[in-house]
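Report on the structure given below.
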Amino acid sequence: MTYLYNQPSAFAAELIEGFVAANADKVRQVPGGVVRSTRSQPGTVAVVVGGGSGHYPAFAGLVGQGMAHGAAMGNLFASPSAQQIVNVARAAHNGGGVLLTFGNYAGDVLHFGQACERLRAEGIACEVVTVTDDISSASLEEIEKRRGVAGDLTVFKVASAAAEAGHSLAQVAALARHANQRTRSFGVAFSGCTLPGATQPLFSIDAGRMALGMGIHGEPGISESDVPRADVLAEIFVDNLLSELPPGVTLQPGTRVAAILNGLGSVKYEELFVVYRRVAQLLREQQLEIVEPEVGEFVTSFNMAGASLTLMWLDEALERCWRAPANAPAFRKGSVIVAEPLEASACEQTTQSAIPAASAASQQSAQRVLAILDAIAAVIQRNAEQLGRIDAVAGDGDHGIGMERGVLGALAQARDVAAQGAGAGTLLCRAADAWADKAGGTSGALWGVALTAIGTALGDERKPDAQRVADGVKQAKEGIMHFGKAKPGDKTMVDVLVPFSDSLSAAVARGASLADAWQQAAETAQAAAQATAELLPKMGRARPLAEKSLGTPDAGAVSLALIVATVAERLRENQPQGASV
């Protein structure tokens, strides 16, 4: 269990505040995470890492000289939003472009991908590298689907050393990808973790049993066994990693590897040293040369009991980067020349842009959109527990909580900008960022995409009409399918969004009012949501437990159907003629 916390909802924010207070000589807080508090060489690449909180030292503990320039930090086990990532990247930018690198999880891929597009639109060169080191999470044939676990450290270290050496953005990204291609990890878990305020573990394993290949968020492993002796566990680690060598690597005398034995939160350092003793023996028996091994906690899972072994197969370039000096709060190597601290003026930045001017008609529409968001928040709050139960059948059960956080964050932001005279478009776009910020994860990212698309289509000049609303929903559909990569039949919210959008557009084209067209489309959405019960999931955390979800509708599809039905009710009540919002 978690012993020390105040309000569970404030835990992530308070841990960042305390972390910065303890490490002010190396990091400073910015909206969305932390960046270096020391001066970097102008014109060099900034490496920005990130992911959910709860994995310390990843990600904030790896910010500092010779390591990352910034870390975007989401809520516990929830990816940071695109806006948080953009905030951190802007603050970290040195003029040489930004490399975004993170573990391969759906929410992170969505949010970092969106952030990359925003940064490029602002004129900041940006590249993305995902970490895919966990060999248990997908086969070689689907290597691009593998999770990023403790291999984060090797990729982050190589990329950061290359940036510190003055390499170009293209060169830094290429070396980071090369490090990822040559990194492999395998992990086990003995028990789950319990987040602040929770009375039960996020996931559980029977006493005396060990899950092989379990992910750091409790994603299913490949098998279970009794907990073995330390030497046997070391043999399991080494055997699995030596059974899959990266392309171009051969087992021959003198081959050099970087080894990381990583504790996942509750396994003590002393236990890790006992395991590493045998790991080192086994690698040397294969006549491998171990280069500057690391034993400790690097990527954890809050207070989960477990461990993992990571090997990066070195060549000259990777070894040079691996051995380069670094000085971060949780990772030190060699000796660095201490960088100068930033002046207070250099740390100041504007985080919120002014509200764009809007027509009176659009401001009136913004008030109506605000009332709709209020109604959506109410229906999500009433159904959050049920949405969580649906999600728990084959997922992690957090969909209802995430939707509630997201919609309440969006509503609060919408109220704020409406009071400042925002138009309908700006209100929805600002609400979109807030939804993604507060919800985190894949769902938060996708709702951020949806609201941004609709808000952009509506704009701040004219009173929205049925055609512009239908166009906005169509753009939301296309954006979600682009970023989320889901398609109809994958058992996701797309199975509702596509028929809803198509029905809405068709009804508007026939001349139906917005209220009538939306009502027809909402009925289509309801039927589509129920039909997902007969589908098998092909994406996300539910995919490994596909059979278990048969007969239960997708939680994301159900929540979308609830929301569009609520909007239909509001349109009927407040827009009896249905001509516009």
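Key figures for this structure:
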| read-out | value |
| --- | --- |
| Cα-based reach from Lys333 at 29 Å (exclusive), listing lysines while leaving out same-chain residues under 8 positions away | Lys26, Lys157, Lys268 |
| Cβ-based net charge around Pro80, under 13 Å, with every Lys or Arg adding one and every Asp or Glu removing one | -2 |
| Of every Cα-Cα pair in the stretch 360-574, the percent that sits beyond 26 Å | 28 |
| Dipole moment magnitude, nearest 20 debye, the stretch 8-324 about Cα centre, only Lys, Arg, Asp, Glu C-beta charged | 780 |
| Ordering of 452-461, 504-513, 62-71 by packing [mean C-beta count within 10 Å, highest first] | 62-71, 452-461, 504-513 |
| Cα-centre dipole for the stretch 360-574 with unit charges at Cβ (Lys and Arg positive, Asp and Glu negative), debye to 20 | 160 |
| Cα centroid of the stretch 381-439 to Cα centroid of the stretch 138-158, whole Å | 31 |
| Kirkwood hydrodynamic radius of the stretch 8-324, Cα pairs, Å | 19.5 |
| Charge tally in the Cβ shell below 11 Å around Val232, where Lys, Arg are +1 and Asp, Glu are -1, Val232 excluded | -2 |
| Arg572/Asp206 FRET efficiency (R0 51 Å; Cβ-Cβ; nearest 0.05) | 0.45 |
| Neighbour-count order for Ser501, Ser301, fewest beta carbons within 10 angstrom listed first | Ser501, Ser301 |
| Unit Cα scatterers, Debye sum, the chain: log10 I(q)/I(0) for q = 0.06 Å⁻¹ | -0.31 |
| Charge dipole magnitude, Cβ of K and R +1, D and E -1 - the chain, Cα centre, debye nearest 20 | 660 |
| With Cα atoms, 0 to 90° folded angle of helix 424-439 axis to the chain main axis | 30 |
| Selected from Thr255, Gly187, Pro57, residue furthest toward positive end of dipole (the stretch 8-324; charges at beta carbon) | Pro57 |
| Within-12-Å neighbourhood charge of Lys477 [Cβ basis; K, R +1; D, E -1] | -2 |
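Here, each number is a calculation from the coordinates, and none is a lab measurement. Only a predicted model underlies this, so the values are computations on that prediction, with no experimental measurement involved. Cβ sites come from the backbone with ideal geometry, for glycine too, and all protein chains shown count toward neighbours.
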